[in-house]
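Colleague: Quick one: the structure is below, and I'll ask about it shortly.
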Amino acid sequence: MKKLINAVEDVVKDSLVGVAAAHPDSVTVDMENRVVVRADAPVSGKVGLISGGGSGHEPMHSGYVGPGMLDAACCGEIFTSPVPDQMMAAAKAVDGGAGVLQIVKNYTGDVMNFEMAAEMVAAETGTRIESVLVADDVAVQDSLYTAGRRGVGLTVLMEKILGAAAEEKKDLDALLELARRVNDGGRSYGVALTSCVVPAAGKPTFDLAEDEIELGIGIHGEPGRRKAKLGTAAEVAEELVDPILADRDFTGAPVIAMLNGMGGTPLIEQYLVYGEVARILSGKGVKVARTLVGNHITSLEMAGCSLTLLNADDELLTLWDAPVNTPGLRWGC
């Protein structure tokens with residue numbers, strides 16, 4: 001493998017050193033617990049919003065810490081859940097007296113460890129701490145790391161929308177209701193052109209022939225629905241759109257559409273694919289109100305992309321448009 005690292009065992013630690021050096025005015029990094037925290041945390045009277053997961057999906061989650069999104073992110077080893085001690089440190093760091101909300105992608109290790117951390121924090125401090133589970137991947141019902149659907153691209157939209165609402169100091173119950181609406185209205189599906197290489201493994205996670213793609217891929221390289229021959233961008237766009245529209249009717253409210261790069265696909269190709277996606281959606285009566293294109297929830301250097309659609313009413317669109325100032329997402333500042 002060819003990677004810009006010092007030592008396999010230090011990849012996450014060394015990367016966090018870089019995060020701290022690059023963004024000293026906006027975040028602090030708890031190196032002992034590997035938690036990235038917004039610089040002004042805790043914010044009095046504001047629900048503390050935390051998330052986290054295995055590293056290797058950057059900018060998710062550590063890149064989304066700051067005003068308008070997360071208050072803290074817990075960074076596990078690559079593709080490995082953080083441990084409860086990390087989550088406890090994050091919750092305590094962001095507790096401004098209005099409770100804490102955990103945004104959890106539906107992977108077994110993440111779910112179990114965030115639940116344990118919530119119970120321990122509540123018992124130790126009396127803080128009300130709630131969790132939201134994101135499970136938006138329509139590709140498979142169960143996977144290598146999940147019971148039920150996987151949590152993927154909708155997590156980015158969830159963190160942005162709930163982050164904006166928390167910044168307005170909406171209370172914990174209001175955030176839980178918003179999260180329910182986002183979960184109900186969002187779906188995702190992904191495709192891989194190549195595998196990624198986890199540094200500790202030193203070889204591709206799975207094999208694809210030069211003319212093959214994997215449809216319905218997971219963000220850790222989990223198998224999807226099937227392998228297929230690589231076609232044109234227009235054909236790949238259809239493969240992204242059709243399973244999502246088959247799972248939910250998006251012809252009602254306007255949608256937020258995110259075309260996400262998996263880490264190794266250049267933006268010129270991402271925009272090319274999104275142009276095809278937009279054409280298909282328009283032809284099927286889906287009105288796109290907001291668009292996000294780029295690398296937002298990645299899988300190391302995997303080539304490929306995913307599509308997320310979220311039905312969004314006026315309130316959700318307003319929260320989406322609200323200012324955000326994080327290393328990975330910034331507008332309206």
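The values are calculated or read from the model by the stated rules, or taken from the named source; none is laboratory data. Quick caveat: nothing in here was measured; it's all calculated off a predicted structure. All Cβ positions, glycine included, derive from the backbone under ideal geometry; neighbour counts span all protein chains shown. With ligands, DNA and RNA removed, areas are computed over all heavy atoms of the protein, side chains included. Shrake-Rupley method; radii C 1.70, N 1.55, O 1.52, S 1.80 Å.
Colleague: Can you tell me how many residues within the range 1-40 are touching a residue at least 24 places away in the same chain (Cβ under 8 Å), part of a helix (DSSP H, G or I) and of a type in the set (Lys, Arg)?
Modeller: 0
Colleague: Considering only residues that are over 21 Å from Val138 (Cβ atoms), open to solvent by less than 20 Å² (accessible area, probe 1.4 Å) and hydrophobic (A, V, I, L, M, F, W, C), which ones fall in the range 291-316? Before you say what the answer is, go through the steps one by one.
Modeller: Taking the range 291-316 and keeping what is over 21 Å from Val138 (Cβ atoms), we get 294-295, 300-301, 303, 313-315.
Now narrow it down to the ones that are open to solvent by less than 20 Å² (accessible area, probe 1.4 Å): 294, 303.
Matches in the range 291-316: Ala303 only.
Colleague: Let me ask something else about it. With the requirement that a residue be surrounded by fewer than 18 Cβ atoms within 10 Å (Cβ to Cβ) and within 22 Å of Leu259 (Cα to Cα), what does the range 157-182 give you?
Modeller: If the condition is that a residue be surrounded by fewer than 18 Cβ atoms within 10 Å (Cβ to Cβ) and within 22 Å of Leu259 (Cα to Cα), then Arg181 is the only one that fits.
Colleague: Then there is this: All but one of (1) closer than 29 Å to Val43 by Cβ; (2) in the same structural domain as Ile219 (by the TED database) hold for Tyr189; state the number of the condition that does not hold.
Modeller: In the conditions (1) closer than 29 Å to Val43 by Cβ; (2) in the same structural domain as Ile219 (by the TED database), Tyr189 misses (1) alone.
Colleague: Can you tell me which residues in the range 9-26 are open to solvent by 60 Å² or more (accessible area, probe 1.4 Å) and not small (Gly, Ala, Ser)?
Modeller: Glu9, Lys13, Val17, Pro24, Asp25 - these are the residues of the range 9-26 that are open to solvent by 60 Å² or more (accessible area, probe 1.4 Å) and not small (Gly, Ala, Ser).
Colleague: So which strands (runs of 3 or more DSSP E) stay within the range 53-156 end to end and still have 1 or more residues that are free of Cβ contacts under 8 Å to residues at least 60 places away in the same chain, more than 23 Å from Gly190 (Cα to Cα) and open to solvent by 50 Å² or more (accessible area, probe 1.4 Å)?
Modeller: 129-134
Colleague: Please determine, by comparing only the residues of the range 217-251 that are crowded, with 19+ Cβ neighbours inside 10 Å and at pLDDT below 95, which one is farthest from Thr80 (Cα to Cα).
Modeller: Gly224
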